[in-house]
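Asks: Please see the structure below; I have some questions.
The values are calculated or read from the model by the stated rules, or taken from the named source; none is laboratory data. Since we're looking at a predicted model, the values are computed, not measured. Neighbour counts run over all protein chains shown; Cβ positions are idealised from the backbone, glycine included.
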Amino acid sequence: MSTLSALAHVQAMESMRAVPLTEFRHRRLSSRPLVIIPLAMAGEAGAPLAAMVGTARRNGTLLVVAQPRNRDQRFAFAAGLGRIVMEYINSFRQDRSGEGERSRYTDTPQILVPNPGGVRTLADLGRMCRFRATTGPYAVPEVVPELGMWLTFLVDRAEQAGSSVLLPVTGMLAEHWATGQSTLENQNLASLMAWIAPPPGLSVEQAMADAENPDVCPPAGPSTSPEFDNRDLAPAIRNFDEASALGDPQALADAESDLRELIAGQIQPTWRMVWQAISLLRSVPEAPRAAKRFESDCRAFTAYSDYQDTGALPQRKRDTAIGAARRLGQLEHALAEFEADMAFDDRFVLADRRSAGEAFAGTVVEAEPGRMVTTDKNSRVPRPLVTVLTEDPLRLAADTKLISPSMPTGHKAKVVSVRRVGGTTRVTVEITGGMGRARVPKQGTVPELGQYVAYLPDPGWRPSPQFPASDATPWTHSAPDGNDTESAVPENTAAEEWGNED
Amino acid sequence: MKAPVDGRLAALRGSGKRLDYNARSLAALENNPRCTLRALLDASGSNKAAIAAHVGHPPAFGQSVFAITRGNAFEAMVKDNGCAELLRVLRETLELTLPEVAYEDLNDVGGNGRSDKRYERTEEVLLRAARGDGEGTLFDHPMLRLLIGGHPAYLEPDLVAFRIDGRFHVMEIKSFPIIDGQADPTQVRAATTQACAYIIALRDLLGRAGIGAEAVSDTIVLVAPKDFTNRPTAAFVDARKQVAALTRQLSRIERIGELVDLLPDDLTFDLYLDEDEQPRRPPEELAETLDQVLKTYRPDCLNHCEMAFYCRSRARAEASLDVLGPVVREQFGGIDTTTMVMGLARGELKPSEDQVEMAAALRHAARLRAELEDLGGAA
């Protein structure tokens, strides 16, 4: 965190209202996102209790597992959720543009959950479902493993910085607004919303107090509040169990509708709040470069969709050494790109980087626009020098490659020297690119005396790393002979239990 | 020296029943060792939950009946039939070659469930085993004793195994899942902290009989459900670092006397309970007392300390940067309040000598922010 962002949090705390951290929303918001609010049963290993799901505030579907410990009911739930999610995803697998290699879908699904816990719950659900067999002794409907594979794809993709296929709403809000509370409390959707948009007639203080009171604001999941569990849910589930043991259809229907009503009471406040947050986020303009990242999401979505169309295998439990290295490289690269993109688009983010000493801005006080150098290939090229006077606490070393949001596209430079004089710094940079092909730089491509310029480090282009083929992996990096490390699909797929009957 | 301190601690607690350290207070100790209020309340065995509730900030540490049921059911299943499932896991998953296994239940002694009696029995049984003339290999719910600040705290590990590589191993049975070989790191950490206290207590027990620390392994055995099933799996968790950390923090508590000495003589956290265990002390007076003691609030406290909501309300009232958490706080080393930060940022306060650099960074940040929009953040 930079001094600037930290200061924003202090300002929020002092003024008791949220303070904007960015000028733009750097995440794309689909015109038709699918909101999922998953609830899980406390203590069980990812036992779903309920989910509310839908593409508009007015058409949420509530799915409830009356007895979360019952295996058949869990699968009925997974199939029910799967049908809704797959119908949604499939609606994006229609329109394609481009030919051959470049052919891709023009839009991607976007799933929004209330908080990071929601992402983890979907990850668990994906892991539970993707290996299920559709034939044999423990057969499940076909949509179950399909849902599992797609959820796993979305969760994996969501780890990539800048992607918008699966996002927690709290994360999007906290990216744009600084609050006067900690990161931990910001993960509570109601607390976060209390700062940004307290309910009408309530002060931020009152809204914060309400947000932590489970009777006023039920938790946004995945866990329900322990008081609710003990006071309401446990007796209701017991009623349901008794009714199903008695085999009385009327009692069973009553018990089931009681349960639904109870859970609806817990989940609907969050549902409304998520949609409120979405409309708040819509009011923030989208960053220009979000379109570029959306392109990348479209490519990934198309690639995975095509793989599914040709009979996909479920994602493996653990990455191979090469797969992990490749993925890590991609994630790092995406993060560096995302950070540079944000600073490029957004004055706030640029200021943030400046306050951290990772970027600088100031006026040109010296310029040598006509400077030429001879390259290794013996050609004469323009390499103008300019010196920028800045008050920013710069921490960039000589030879750092730079890009500039205040110069025309393609402008490239590198740091030649940094001299501190009193409270100011004089940075001399050499312009290395974006000046056209002629021997004289094009008009406007070299900063002039008195011009205000901003620079930040160039994340650069990185070649994708080369790895050996999987049969040529050295023994140090190949998987040990183990039970299920060899193949992607564990042998005991069908038999793997998902909870017990009792 | 000890006696007067004990007397003072008893007076701090007052009329209430003395509470021992438990998993949560040990976690609080590990996570926030520097908090004086927590140290005093825990060392005196005060009822933090009751105190916090009385001053209007009840803790929110309810436990769901589902979690409790599941936890108990899982532990019972693992231990069924003389730990048959557990042995299968130890042999198959951890590939241990266990000799003949004998199982000893230390849950109660001849129907006597008192901690001190159970502790004596545990001591006798474990020492016999360590000297090589006992039968047991697995000891169910032994009762251990850890001296914290000179006071015995009774601790009850789920299971202690003997003769895994010739050493005692503490086992923790937890109901959070290990999915594809990975478990939630915060939960593993909490389980490890708990187990560390058992390791230290066990070493203490053996140490007093002249048996070296190496008799107890630094590696704990975590037994938890495999993936999404009810079947257990197990993993070794290296607890060396946490054992060292907890040992260091426990040695600090030995000096609780120094903290007590700083308090006014008549200070007490007593709730003045009546016959029905209802507090009679005016809440304002109790709050005033609490305010006299130094506390170190961190947002993380909300996860493990009963006093956290109270401390947070105080930190908010004082405009303390603690409210925002360590990430923000670190940016302003040496500055404690938002008032000070804003004063320096606006150039209204004159920085002290060690604040000069920070003040310059703040004024710079404030200028940038002011350039972005008129927030009143800059001079």
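Asks: Could you tell me which of the residues B:ASP204, B:ASP227, B:ASP270, B:ASP300 is on the phi > 0 side of the Ramachandran plot and surrounded by 13 or more Cβ atoms within 10 Å (Cβ to Cβ)? Let's see the steps before the verdict.
Replies: Numbers: B:ASP204 fails: on the phi > 0 side of the Ramachandran plot; B:ASP270 fails: on the phi > 0 side of the Ramachandran plot; B:ASP300 fails: on the phi > 0 side of the Ramachandran plot.
Only one candidate qualifies: B:ASP227.
Asks: Among the residues that make up segment A:297-314, is at least one of them at pLDDT below 95 and touching a His at 6+ places or on another chain (Cβ under 9 Å)?
Replies: Taking every residue of segment A:297-314 in turn, none turns out to be at pLDDT below 95 and touching a His at 6+ places or on another chain (Cβ under 9 Å).
Asks: Restricting to segment A:170-200, name every residue that is part of a helix (DSSP H, G or I), buried (at least 21 other Cβ atoms within 10 Å of the Cβ) and at the interface with chain B (Cβ under 9 Å from one of its Cβ atoms).
Replies: A:GLU185
Asks: Further, regarding this structure: Which one is nearest to A:MET16 (Cα to Cα), of the residues in segment B:343-361 that are in contact (Cβ under 8 Å) with a residue 24 or more places away in the chain and within 10 Å of chain A (Cβ to nearest Cβ)? Even if it seems obvious, please write down each step before you answer.
Replies: Looking only at segment B:343-361, we keep the residues that are in contact (Cβ under 8 Å) with a residue 24 or more places away in the chain, and these are B:345-348, B:358.
With the extra rule that they be within 10 Å of chain A (Cβ to nearest Cβ), the set shrinks to B:345, B:358.
Numbers: B:ALA345: 18, B:MET358: 24 Å.
The selected residue is B:ALA345.
Asks: Among the residues of segment A:1-24 satisfying the criterion of being of a type in the set (Ser, Thr, Tyr) and more than 21 Å from A:GLY171 (Cβ to Cβ), which is farthest from the other protein chains (Cβ to nearest Cβ)? Break it down into steps so the answer makes sense when it comes.
Replies: Step one: filter segment A:1-24 for residues of a type in the set (Ser, Thr, Tyr), giving A:2-3, A:5, A:15, A:22.
So of that shortlist, the ones also more than 21 Å from A:GLY171 (Cβ to Cβ) come out as A:3, A:15.
Working: A:THR3: 4, A:SER15: 8 Å.
Per the stated criteria, the residue is A:SER15.
Asks: Kindly indicate whether any position in segment B:30-39 is at pLDDT 85 or above and acidic (Asp, Glu).
Replies: Taking every residue of segment B:30-39 in turn, none turns out to be at pLDDT 85 or above and acidic (Asp, Glu).
Asks: From (1) within 11 Å of chain A (Cβ to nearest Cβ); (2) crowded, with 20+ Cβ neighbours inside 10 Å, pick out the condition that doesn't hold for B:ALA319.
Replies: Single failed check for B:ALA319: (2).
Asks: Now, a different point. Given the conditions (1) modelled with pLDDT of 90 or more; (2) part of a helix (DSSP H, G or I); (3) within 30 Å of A:SER464 (Cα to Cα), and given that A:ALA324 satisfies all but one, which numbered condition is not satisfied?
Replies: (1)
Asks: Quick test for you: out of A:ALA351, A:ALA356, pick the one residue that is within 14 Å of chain B (Cβ to nearest Cβ), touching a Pro at 6+ places or on another chain (Cβ under 9 Å), surrounded by 18 or more Cβ atoms within 10 Å (Cβ to Cβ) and in contact (Cβ under 8 Å) with a residue 40 or more places away in the chain. First the steps, then the outcome.
Replies: Working: A:ALA351 fails: touching a Pro at 6+ places or on another chain (Cβ under 9 Å).
Sole residue among the options that is within 14 Å of chain B (Cβ to nearest Cβ), touching a Pro at 6+ places or on another chain (Cβ under 9 Å), surrounded by 18 or more Cβ atoms within 10 Å (Cβ to Cβ) and in contact (Cβ under 8 Å) with a residue 40 or more places away in the chain: A:ALA356.
Asks: If you don't mind, there's one more thing I want to ask. Please name all residue pairs, on different chains or six or more residues apart, with Cβ atoms under 7 Å, provided the first residue is in segment A:52-65 and is free of Cβ contacts under 8 Å to residues at least 60 places away in the same chain and the second residue is surrounded by 19 or more Cβ atoms within 10 Å (Cβ to Cβ) and among the basic types (Lys, Arg).
Replies: Final answer for the pair search is A:VAL65/A:ARG74.
Asks: As an exercise: evaluate A:ALA161 against (1) more than 25 Å from A:GLY60 (Cβ to Cβ); (2) in a helix (DSSP H, G or I) and give the number of the one condition it does not meet.
Replies: Just one mismatch for A:ALA161, condition (2).
Asks: Next question. Looking at B:GLU75, B:GLU92, B:GLU104 in this structure, which one is among the charged types (D, E, K, R), under 30 Å from A:ALA66 (Cβ atoms) and either assigned by TED's automatic domain parsing to the domain that holds B:ASP140 or touching a residue at least 24 places away in the same chain (Cβ under 8 Å) (or both)?
Replies: Details: B:GLU92 fails: under 30 Å from A:ALA66 (Cβ atoms); B:GLU104 fails: under 30 Å from A:ALA66 (Cβ atoms).
After applying the criteria, what remains is B:GLU75.
Asks: Can you pull out the residues in segment A:270-295 that are surrounded by fewer than 15 Cβ atoms within 10 Å (Cβ to Cβ) and in contact (Cβ under 8 Å) with a residue 40 or more places away in the chain?
Replies: Residues of segment A:270-295 that are surrounded by fewer than 15 Cβ atoms within 10 Å (Cβ to Cβ), as a first pass: A:272, A:279, A:282-283, A:285, A:288, A:291-292, A:295.
Across segment A:270-295, the qualifying residues are A:ARG272, A:ARG282, A:PRO285, A:PRO288, A:ALA291, A:LYS292.
Asks: Considering only segment B:26-82, state which residues are over 17 Å from the mean Cα position of the chain (by Cα), outside any helix (DSSP H, G or I) and of a type in the set (A, V, I, L, M).
Replies: Correct list: B:VAL55 only.
Asks: Do you know which of the residues in segment A:415-431 that are surrounded by fewer than 18 Cβ atoms within 10 Å (Cβ to Cβ) and in contact (Cβ under 8 Å) with a residue 12 or more places away in the chain is nearest to the other protein chains (Cβ to nearest Cβ)? Walk me through it before giving the result.
Replies: First, the residues of segment A:415-431 that are surrounded by fewer than 18 Cβ atoms within 10 Å (Cβ to Cβ): A:416-417, A:419-424, A:426, A:428.
Checking which are in contact (Cβ under 8 Å) with a residue 12 or more places away in the chain leaves us with A:416-417, A:423-424, A:426, A:428.
Working: A:VAL416: 24, A:SER417: 21, A:GLY423: 7, A:THR424: 11, A:ARG426: 16, A:THR428: 21 Å.
Filtering first and then ranking leaves A:GLY423.
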